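The values are calculated or read from the model by the stated rules, or taken from the named source; none is laboratory data. Owing to the predicted nature of the structure, the values given are computational and were not obtained by experimental measurement. All Cβ positions, glycine included, derive from the backbone under ideal geometry; neighbour counts span all protein chains shown.
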Amino acid sequence: MGALIGMAAHLEDKGVTVLDVAGLAQKNGPVTSHVRVYNRADEVHATRIEAGGADVLIGADIVVASGPECIGKIAAGHTALVVNDHVAPTADFARNPDLDLSSTVMRGALERATGGEGAFVPATELAEALMGDAIYTNILLLGFSCQQGRLPVSLEALIRAIELNGVAVEANMRAFTWGRLAARNLAAVQAIAIAAVPDVLHQPVREETLDEIVARRVGELTQYQNAAYAARYQAVVDRVRAVEAERVPGSEDLAKAAARYLYKLMAYKDEYEVARLLGDAGFWRGINEQFEGNLRVEFHIAPQLFNRRDPDTGRAKKWTLGPWMRPGFAVLAKGKRLRGTALDVFGRTAHRREERALIGHYEATIEELLGSLDLDNRDLAVEIASIPEHIRGYDLVKDAHLRDAREREAELLNKFREGASA
């Protein structure tokens, strides 16, 4: 975008500087471009945009746009926004899975900084639906900004700059034009995108009811193991629901927590479940929809059995298996009926025994919480019941999270017991 605006300004004999600040881009950091356009070339005196000096902020990435570097360039009542509201997880999310990546929070920060002046566009989704590739997000935003009159260069100069760029000219012109149309009538363009790809635009997420939470997970646990296994899950949730309704009328918070996290523990990803998921028809349908041509699919697995661990990290080593393994997964998936029995070879490993033990421990903890539940300790009980949220990953990664979760659970349970005793 910076290069195209710069070329358009040059074509109009204007002065222009384009400073790309890559930061730690090679390590998944933010990238910003400072573009300054002057009426004449001899007026050029700076490259970096000063604090509060931006006339328009075009944000292709709302995570970066709402960060301190960009927020600092905004002046309320002066800076206009054209921001893509699609959230792409950053490297920080890998290190902090509890990071809040809600676009609502970021959008609010930007609106407060500008006093509400600007537009938020589902540019990534529109580019994917209308152009078939999210790479056209930036050029679509450029067209949107141009049509809104936010750029200090003419439409004709931008079109010529796209032509001179010489890369995918026709496609870029179409994306640019879609952006212009979106600025004129966003609802109409969204309707065309939805007609092309019905699920492309994310609808506001409605919170599931307790009945919906339970019904979906009962179905999934039936596929995971069998109806009896799912019934065990439902019996626990039904008991929590009944006691909570009696002790804390009108509340379903504890029942919802139990419904989510007992399921998480019961549906642990062992060898049988991974094989079942890899054999799912929907999974392969998604693969075929995403890729074209003659595909070769390889599987990267780290089995717990018959596998030497890395002497430096202690982690199970990865094996790479070819497409010939796909029928093998179909056979292994049928072995789920052996899960937890004396014939379950995979279930004898320390990690599998631990995962089964966690289910019983959670059921016992829930029963203890119900014994003393009241309005005063309801929130603390919900926090304890939600502890499994923090048990993530596999192998040694899961072990580390489990240790932290146990320490936190012990701390909260002591607090709960002290209150109940008092």
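Out of Leu332, Leu265, I need the residue that is in the same structural domain as Gln225 (by TED's automatic domain parsing) and not in a loop (DSSP other than H, G, I, E, B). Which one?
Matching residue, one of Leu332, Leu265: Leu265.
Of all residues in region 301-358 being of a type in the set (Lys, Arg) and out of contact with any helix residue (DSSP H, G or I) (no Cβ under 8 Å at 6 or more places or on another chain), which is nearest to Ile387 (Cα to Cα)?
Per the stated criteria, the residue is Arg348.
Quick one: in region 388-407, which of the residues that are closer than 22 Å to Leu254 by Cβ and aliphatic (A, V, I, L, M) is surrounded by the most Cβ atoms within 10 Å (Cβ to Cβ)?
Ile391
When Leu186 is evaluated against the numbered criteria (1) surrounded by fewer than 19 Cβ atoms within 10 Å (Cβ to Cβ); (2) within 20 Å of Val121 (Cβ to Cβ); (3) without any contact (Cβ under 8 Å) to a residue 60 or more places away in the chain; (4) not basic (Lys, Arg), which criterion, by number, is the only one it fails?
All conditions are met except number (3).
Any idea how many residues of region 288-329 are among the aliphatic types (A, V, I, L, M), more than 29 Å from Asp399 (Cα to Cα) and in contact with a Leu (Cβ under 9 Å, 6 or more places away or on another chain)? Walk me through it before giving the result.
Our first condition is that a residue be among the aliphatic types (A, V, I, L, M); within region 288-329, this holds for 295, 297, 301-302, 305, 316, 321, 325.
So of that shortlist, the ones also more than 29 Å from Asp399 (Cα to Cα) come out as 295, 297.
With the extra rule that they be in contact with a Leu (Cβ under 9 Å, 6 or more places away or on another chain), the set shrinks to none.
Total meeting the criteria: 0.
Could you grab me the full set of residues in region 132-150 that are at pLDDT below 95 and of a type in the set (A, V, I, L, M)?
Hits for region 132-150 are Ala134, Ile135.
From the list Thr209, Thr177, which residue is β-branched (Val, Ile, Thr), surrounded by fewer than 20 Cβ atoms within 10 Å (Cβ to Cβ) and at pLDDT 95 or above? Walk me through it before giving the result.
On the way: Thr209 fails: at pLDDT 95 or above.
Result: Thr177 is the single residue among Thr209, Thr177 that is β-branched (Val, Ile, Thr), surrounded by fewer than 20 Cβ atoms within 10 Å (Cβ to Cβ) and at pLDDT 95 or above.
Taking the conditions exactly as written (out of contact with any Asp or Glu (no Cβ under 8 Å at 6 or more places or on another chain) and assigned by TED's automatic domain parsing to the domain that holds Leu151), does Gly52 satisfy them or not?
Judged against the criteria, Gly52 is a match.
State yes or no: is Ala281 surrounded by fewer than 18 Cβ atoms within 10 Å (Cβ to Cβ), out of contact with any strand residue (DSSP E or B) (no Cβ under 9 Å at 6 or more places or on another chain), modelled with pLDDT under 95 and among the small types (Gly, Ala, Ser)?
Answer is yes for this residue.
Among the listed residues Ala195, Ala157, Ala191, identify the single one that is over 30 Å from Val274 (Cα atoms) and loosely packed, with under 11 Cβ neighbours inside 10 Å.
Answer to the selection: Ala195.
If only one of Arg406, Arg392 is free of Cβ contacts under 8 Å to residues at least 12 places away in the same chain and either among the basic types (Lys, Arg) or in contact with a Lys or Arg (Cβ under 6 Å, 6 or more places away or on another chain) (or both), which one is it?
Arg406
Does Thr47 meet the test of being at pLDDT 90 or above and within 23 Å of Val21 (Cα to Cα)?
Taking the combined requirement at face value, the residue does not satisfy it.
Determine if region 379-393 includes at least one residue that is more than 28 Å from the chain's Cα centre (by Cα) and at positive phi.
The answer is no; no qualifying residue exists.
Suppose the filter is outside the structural domain of Asp395 (by TED's automatic domain parsing), under 24 Å from the mean Cα position of the chain (by Cα) and hydrophobic (A, V, I, L, M, F, W, C); does Leu278 pass it?
It is true that Leu278 is outside the structural domain of Asp395 (by TED's automatic domain parsing), under 24 Å from the mean Cα position of the chain (by Cα) and hydrophobic (A, V, I, L, M, F, W, C).
Within region 354-374, identify whether any single residue is within 22 Å of Arg260 (Cβ to Cβ), modelled with pLDDT of 90 or more, surrounded by 13 or more Cβ atoms within 10 Å (Cβ to Cβ) and aromatic (Phe, Trp, Tyr), and answer yes or no.
Yes, that holds for at least one residue.
If you go through region 229-262 one residue at a time, how many are closer than 15 Å to Asn377 by Cβ and either in contact with a Pro (Cβ under 9 Å, 6 or more places away or on another chain) or of a type in the set (Lys, Arg) (or both)?
Number of matching residues: 1.
Kindly indicate which of Ala350, Ala342, Ala410 is surrounded by fewer than 13 Cβ atoms within 10 Å (Cβ to Cβ) and within 18 Å of Lys269 (Cα to Cα).
Within the list Ala350, Ala342, Ala410, the selection yields Ala350.
Quick check on region 25-33. Is at least one of its residues in contact with a strand residue (DSSP E or B) (Cβ under 6 Å, 6 or more places away or on another chain), assigned by TED's automatic domain parsing to the domain that holds Ala161 and either at pLDDT 85 or above or over 22 Å from Ile71 (Cβ atoms) (or both)?
yes
Please state which one of Ala255, Ala231, Ala242, Ala235 is buried (at least 18 other Cβ atoms within 10 Å of the Cβ), of a type in the set (Gly, Ala, Ser) and part of a helix (DSSP H, G or I).
Exactly one residue qualifies, and that residue is Ala255.
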